[in-house]
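The values are calculated or read from the model by the stated rules, or taken from the named source; none is laboratory data. Because the structure is predicted, anything quoted here is derived from the model rather than measured. FYI the Cβ positions are ideal-geometry reconstructions off the backbone, even for glycines, and counts take in every protein chain you see. Just the protein is used for accessible areas: all its heavy atoms, side chains included, with ligands, DNA and RNA removed. Shrake-Rupley method; radii C 1.70, N 1.55, O 1.52, S 1.80 Å.
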Amino acid sequence: MTLIYRAKWVIVMLFMITFAASFAVLFAGGAADVNRWLLAANLLLIIVQSANVVYAFRNGHKDGGIALLVCLLIGIGLMWSIYIWSWNYAVKALTIGFE
């Protein structure tokens, strides 16, 4: 767990990169397989980031924990905005794609 916590900002940057890629692929019309893999990567990075937040608060890294919590909430909000608000479009992109 300490190794994951050491890479805390790398995980945040990876989430930003995969989120930008998933946003581009989802709305630019990519294949359904690519959309599914990027969604899975985003969800995995959110889970790892959640573990980092818990680790930070349990081990007394309050400042880092608050910053990671803010980044986590922003990430969840971004995921909510592209997958839930545009649910019909996202379901089509994840199931049949736009090939």
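Packing order of peptides 9-22, 70-83, highest average first: 9-22, 70-83 (average count of other Cβ atoms within 10 Å over each peptide's residues).
Counting only heavy atoms of protein chains, what accessible area per residue, in Å², does the chain have with a probe of 1.4 Å? Don't skip to the end; give the middle numbers.
Numbers: 6020 Å² over 99 residues.
Computed with neighbouring chains in place, this is 61 Å² per residue.
Phi angles across segment 63-70 convert, under the Karplus curve 6.51 cos²θ - 1.76 cosθ + 1.60 with θ = phi - 60°, into 3J(HN,Hα) values of 5, x, x, 5, 5, 5, 5, 5 Hz, Gly and Pro given as x. Residues in segment 50-62 carry Karplus couplings, in order, of 4, 4, 5, 4, 4, 4, 5, 6, 6, 9, x, 8, 5 Hz; the curve used is 6.51 cos²θ - 1.76 cosθ + 1.60 with θ = phi - 60°, and Gly or Pro positions show x. In order along segment 17-31, the Karplus-derived 3J(HN,Hα) couplings, from 6.51 cos²θ - 1.76 cosθ + 1.60 at θ = phi - 60°, round to 5, 5, 5, 5, 5, 5, 5, 5, 5, 5, 9, 8, x, x, 6 Hz, and Gly and Pro are given as x.
Residue separation times 0.36 nm, minus the C-alpha to C-alpha distance between Lys62 and Ile76: what's the value? Computed gain between Lys62 and Ile76 is 3.0 nm.
Percent of C-alpha pairs per 10 Å bin in the chain, short distances first: 16, 44, 24, 13, 2.
Annotation: for a label point projected 7 angstrom from Cα along Cα→Cβ of Ala20, residues of segment 47-79 with backbone N closer than 18 Å are 71-72, 74-76, 78-79.
Where the alpha-carbon atoms of segment 1-50 are placed on the principal axes, they occupy 38, 15, 12 Å, in descending order.
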